[in-house]
Structure formats: structure tokens, C-alpha cells
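I have placed the structure first, in the form of C-alpha cells, so that the comments after it can refer back to it.
Rule-based calculations on the coordinates, nothing more; no lab input. Everything numeric here is computed off the predicted structure, so don't read it as measured data. For neighbour counting, all protein chains shown are included, and Cβ atoms are generated from backbone atoms with ideal geometry for every residue, glycine included.
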Amino acid sequence: MLRLVIFLLGGFWISISYNFAQGLTGPEVIDRSISFHDPGNLWTNGHFLLDIKETRPGGSDRNTLVDIDNSNGFFCAIRNVDGHSYEYTVKDNECIQSYDFDYDLSEEDREKHNLTCERTRTLRDYYLYLWGLPMKLKDEGTIVEQKVEFEMFNESEVLSVRITYDPTVGSDIWYFYFDQEDYRMVGYRFYHNEADNDGEYITLTDLHESGSLKFPRKRKWVMNIDDKVLGEDILENVRIF
């Protein structure tokens, strides 16, 4: 009898949770997630130094220091790979690169080490977007669907919000996944062409807390089509200035 009561109560609370979540819109879920990850609104104008270990199967591990100052648009990433340092900086909208801190590089060396302005701006956009989530989902050009779905992701039932972008911003289709209880972001998935099941999904585990900010500590990159693991990024430390 006791087991039956527990079972019925469990179903009752699941039903309440489901109905409650169904009453939320996509923008409301994202607002709640931002309130969980950045309740003090530090990201928008904050200055951060992220120490990230990036592993890639079949390739060398790399340690990357990422300096992001959102108050003045400064970005710098210094990657250490196989004993060499690669610097990618954007300062006052100017691109700066170095190899082993040598800034006087020939065009041949820049091409050889992929130390170009295009690469530098791509890395800036990459780190700003991914490490700024879910806050970056408030950026202009982000189209958040109203409907919230329940989905299984990484063996858990989560809230799913579909996001697309204005064509001037991007063309990929994204799905963001949030914990049902505290709205922490637990992963995301993107497609270039959803019908082809291309693209990747990323699982987020653990939290690194700095001040009031809560960054996902581990993110694992996996292919949509065959679940092949592409790599893992581990946030080892964060400094806020």
C-alpha cells in the first residue's frame, strides 16, 4: 500500500512539473536560466580570464588562456600546443597574432600557423558565444521559439528550446536544453541541415562558480549522426577583474 501511495504521489508531482513547464515560454525559460547562471548580470560588462584545457581524440591536448573584457570589446586567446604558443588578439577592432610571442611574422609563417585576422575573429566569436551562454541568447538577431518541449538529453528529461537566427547573424538551427528544476543549461545541439542530422551536440556537466557566475565546467562535443566524441573542454579556473 505504501509503495502504491509513493508511486501515485510521484506521478502527481511529475504531472505538476510537466504542466508547470508547459506553461512557460521559450524566452521565459532562457530568462530563468540566465538568472541561475548570472544572477548579478556580471557577463555583459565583465572582465574574465578563463583557463581551459581542451582535449581532442587523436590529437594533442592544448591549454588555452582566454581573456575577455566585455566592457571594451577586448579579446585575447593564447593556446599552448606541443610546447608552442599561439596568440589571437582583437584590440580596438585590430587583429594581433603571435607565434611563441614573436609578432614580426612573415605572411608565410602566418599562413603556416593559421595566424590570420579571419581566424582570430572566428575564435573570438567562438569563445564569446559558447562561454557567454545562456546570456548570449539575448543578443540581437536571436529568434527564440515560444514553445517549450520535453526531450531526453544525456539520459535525462529536460526542457528544450529551439533557436534560430536572423540570416544576417547565422543560419544554423540550435536546440538548448535546461534542467527542469533550476533551469541550469545542461547542453545544446546545432544543425547546419537538420534533415541530414549533421552538426553536433554538446553536453555540459559540473559547475565552476566565480562570484555569482556559474559556468559549466565540462563540455563534451559529440557528432549528431554517430555519437562520435570530438573532444572535451574543461574549465580549470576563472578570474574576474
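Just one of the numbered conditions (1) of a type outside the set (D, E, K, R); (2) under 25 Å from Gly231 (Cβ atoms); (3) in contact with a Leu (Cβ under 9 Å, 6 or more places away or on another chain) is not true of His84: (3). Filtered by the rule that a residue be without any contact (Cβ under 8 Å) to a residue 60 or more places away in the chain and surrounded by fewer than 16 Cβ atoms within 10 Å (Cβ to Cβ), the range 202-219 gives Thr205, Asp206, Leu207, Glu209, Lys218. Of all positions in the range 150-171, none carries a residue that is in contact (Cβ under 8 Å) with a residue 40 or more places away in the chain, under 30 Å from Gly73 (Cβ atoms) and hydroxyl-bearing (Ser, Thr, Tyr).
Here Ala195 meets each of (1) farther than 23 Å from Glu28 by Cβ; (2) touching a Ser or Thr at 6+ places or on another chain (Cβ under 9 Å) with one exception, condition (2). Selection of the range 116-149 for residues being touching a residue at least 24 places away in the same chain (Cβ under 8 Å), closer than 18 Å to Leu204 by Cβ and among the hydroxyl-bearing types (Ser, Thr, Tyr) yields only Tyr127.
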